[in-house]
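Sharing a structure with you now.
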Amino acid sequence: MSEIKSINTISPVVEVKNLWKVFAKGQRSKGKKTLNIDVHDEVTISQMEKDGKVVVAVRDVSFEIYPGEIFIVMGLSGSGKSTLIRCLMRLIEVTAGTIKINDLDITSLSKKELVKHRRYQAAMVFQHYGLLPHKTVLDNVAFGLKLRDEPKEERYKKAKAAIERVGLKGWENYYPAALSGGMQQRVGIARALVMDAPVLLMDEPFSGLDPLISRQLQDELLRLQEEMKKSIMFVTHDLSEALRLGDRMAIMRKGSIVQIGTPDEIVSNPADDYVAAFVADERRTLEKTKLSLGNKLVSTPASS
Ligand SMILES: Nc1ncnc2c1ncn2[C@@H]1O[C@H](COP(=O)(O)OP(=O)(O)OP(=O)(O)O)[C@@H](O)[C@H]1O
């Protein structure tokens with residue numbers, strides 16, 4: 001009882017409330033501009049969607065991420081995952097709603113405050129690494145600290161430690177092109193870790209990599225998380241990755257979150273047919289395991 005009470009009183013690090021992102025169709029403006037639209041006017045919005053004038057990429061989304069939690073966002077292509085995670089860094093301006101990180105509403109920050117938010121509160125790992133090709137591994141990792149005006153000696157010390165943490169000791173003076181995809185993504189992770197921000201945003205960081213490498217990196221992330229206890233938002237469309245990494249997961253469909261729960265809850269109790277279709281294979285495997293376990297129990301002499 002007391003344990004449940006204490007869990008309920010932990011404050012979230014990330015708190016997203018009634019978030020909307022509506023894009024004007026045909027103007028791929030990177031989402032920097034905000035569209036002037038009343039999201040509460042459902043009739044107008046759905047008419048504009050039907051007329052192909054707008055795309056509602058994120059629709060009235062709310063969730064929290066707690067300290068030390070890996071929160072997975074999953075959904076089919078086009079369901080709004082990337083738009084959502086980018087809103088948290090404010091790489092995309094939101095249409096409506098609030099995003100609080102450590103109680104600070106980042107949707108209302110000035111440009112100057114936003115720079116600070118990006119340098120101290122949240123760090124992002126992208127699918128395509130986003131490394132600077134003309135800088136060495138060491139300078140890539142130290143770059144964010146340079147933007148923070150940290151003294152050279154200090155930033156190299158921290159960068160070397162982060163490089164060692166992701167298993168790349170000895171590669172400090174190489175350029176990204178000399179590294180495999182998996183190693184480049186390790187650099188991407190080191191670059192985020194070195195900032196020591198409380199929130200880590202990871203947008204499909206391991207997809208596109210060899211399955212074996214991506215599994216190694218998943219293990220690595222779990223190991224690092226044991227030490228770091230960050231609040232991690234992790235976007236993926238790979239269910240097995242989601243189930244391995246996630247403490248809780250949100251399933252997105254056409255911009256909305258259709259279910260939030262622990263991997264167990266989602267697999268054993270999908271909220272609708274869309275979620276059920278996602279987890280169908282996993283359920284089949286579970287049922288087979290239960291069945292064969294049941295058979296074993298029935299047939300072992302010890303059980304009779
Ligand atoms: N800058 C933009 N301008 C207009 N529409 C956009 C823009 N960015 C995304 N969209 C649309 O918003 C919807 C959600 O896209 P988003 O990239 O967030 O989905 P996703 O779930 O991340 O997909 P994927 O897994 O393919 O990356 C899609 O219909 C997409 O075409």
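If you go through the range 100-115 one residue at a time, do you hit one that is within 16 Å of the ligand (Cβ to nearest atom) and either buried (at least 16 other Cβ atoms within 10 Å of the Cβ) or assigned to a helix (DSSP H, G or I) (or both)?
No, every residue in the range 100-115 fails to be within 16 Å of the ligand (Cβ to nearest atom) and either buried (at least 16 other Cβ atoms within 10 Å of the Cβ) or assigned to a helix (DSSP H, G or I) (or both).
Just to be sure, is Lys229 at pLDDT 90 or above and more than 16 Å from the ligand (Cβ to nearest atom)?
Yes: the conditions hold for Lys229.
Could you run through the range 264-278 and say how many residues are of a type in the set (S, T, N, Q) and surrounded by fewer than 13 Cβ atoms within 10 Å (Cβ to Cβ)?
So in the range 264-278, the residues of a type in the set (S, T, N, Q) come out as 268-269.
Now drop any that are not surrounded by fewer than 13 Cβ atoms within 10 Å (Cβ to Cβ), which leaves 269.
Selection size over the range 264-278: 1.
Here's a follow-up. Of the residues Gly182, Gly208, Gly167, which is modelled with pLDDT under 90, in contact with an Asp or Glu (Cβ under 8 Å, 6 or more places away or on another chain) and part of a loop (DSSP other than H, G, I, E, B)?
Selected residue: Gly167, the only one of Gly182, Gly208, Gly167 that is modelled with pLDDT under 90, in contact with an Asp or Glu (Cβ under 8 Å, 6 or more places away or on another chain) and part of a loop (DSSP other than H, G, I, E, B).
If Gln218 meets every condition in (1) of a type outside the set (D, E, K, R); (2) surrounded by 15 or more Cβ atoms within 10 Å (Cβ to Cβ); (3) more than 18 Å from the chain's Cα centre (by Cα) apart from one, which number is that one?
Condition not satisfied by Gln218: (3).
Out of the residues in the range 17-48 that are at pLDDT 90 or above, near the ligand (Cβ under 10 Å from one of its atoms) and among the hydrophobic types (A, V, I, L, M, F, W, C), which is surrounded by the fewest Cβ atoms within 10 Å (Cβ to Cβ)?
Only one residue tops the list, namely Phe23.
Restricted to the range 122-175, and to residues that are out of contact with any Pro (no Cβ under 8 Å at 6 or more places or on another chain) and aromatic (Phe, Trp, Tyr), which residue is nearest to Ile101 (Cα to Cα)?
My answer is Phe143.
In addition: Just give me the residues in the range 169-193 being loosely packed, with under 15 Cβ neighbours inside 10 Å and among the basic types (Lys, Arg), in sequence order.
The one that is loosely packed, with under 15 Cβ neighbours inside 10 Å and among the basic types (Lys, Arg): Lys169.
Take the residues of the range 245-288 that are without any contact (Cβ under 8 Å) to a residue 12 or more places away in the chain and among the acidic types (Asp, Glu): which is farthest from Asp203 (Cα to Cα)?
Top of the filtered list is Glu287.
Given the criteria modelled with pLDDT of 95 or more and more than 22 Å from Leu19 (Cβ to Cβ), does Thr136 qualify?
yes
I'd like the full set of residues that are among the β-branched types (Val, Ile, Thr) and over 30 Å from Leu224 (Cα atoms), limited to the range 40-98.
Val43, Thr44, Ile45, Val54, Val55, Val56, Val58, Val94, Thr95
Another question, then. Can you name the condition, by its number, that Gln127 falls short on among (1) touching a strand residue (DSSP E or B) at 6+ places or on another chain (Cβ under 8 Å); (2) farther than 24 Å from Arg165 by Cβ; (3) touching a residue at least 24 places away in the same chain (Cβ under 8 Å); (4) not aromatic (Phe, Trp, Tyr)?
The single condition Gln127 does not satisfy is (2).
Now a separate question. Quick one: how many residues across the range 132-167 are buried (at least 21 other Cβ atoms within 10 Å of the Cβ) and touching a Leu at 6+ places or on another chain (Cβ under 9 Å)?
Summing the residues that are buried (at least 21 other Cβ atoms within 10 Å of the Cβ) and touching a Leu at 6+ places or on another chain (Cβ under 9 Å) in the range 132-167 gives 8.
Looking at this structure, is Lys116 out of contact with any His (no Cβ under 7 Å at 6 or more places or on another chain) and modelled with pLDDT of 90 or more? Spell out how you get there, then give the answer.
On the way: out of contact with any His (no Cβ under 7 Å at 6 or more places or on another chain): yes; modelled with pLDDT of 90 or more: no.
When the stated conditions are applied, Lys116 does not pass them.
Somewhere in the range 49-66, is a residue buried (at least 19 other Cβ atoms within 10 Å of the Cβ), modelled with pLDDT of 95 or more and either more than 16 Å from the ligand (Cβ to nearest atom) or among the acidic types (Asp, Glu) (or both)?
Yes, that holds for at least one residue.
The values are calculated or read from the model by the stated rules, or taken from the named source; none is laboratory data. Fair warning: this is a prediction, and the values are worked out from it, not measured in the lab. A quick note on method: Cβ atoms are made from the backbone with ideal geometry, for glycine too, and the neighbour counts reach across all protein chains shown.
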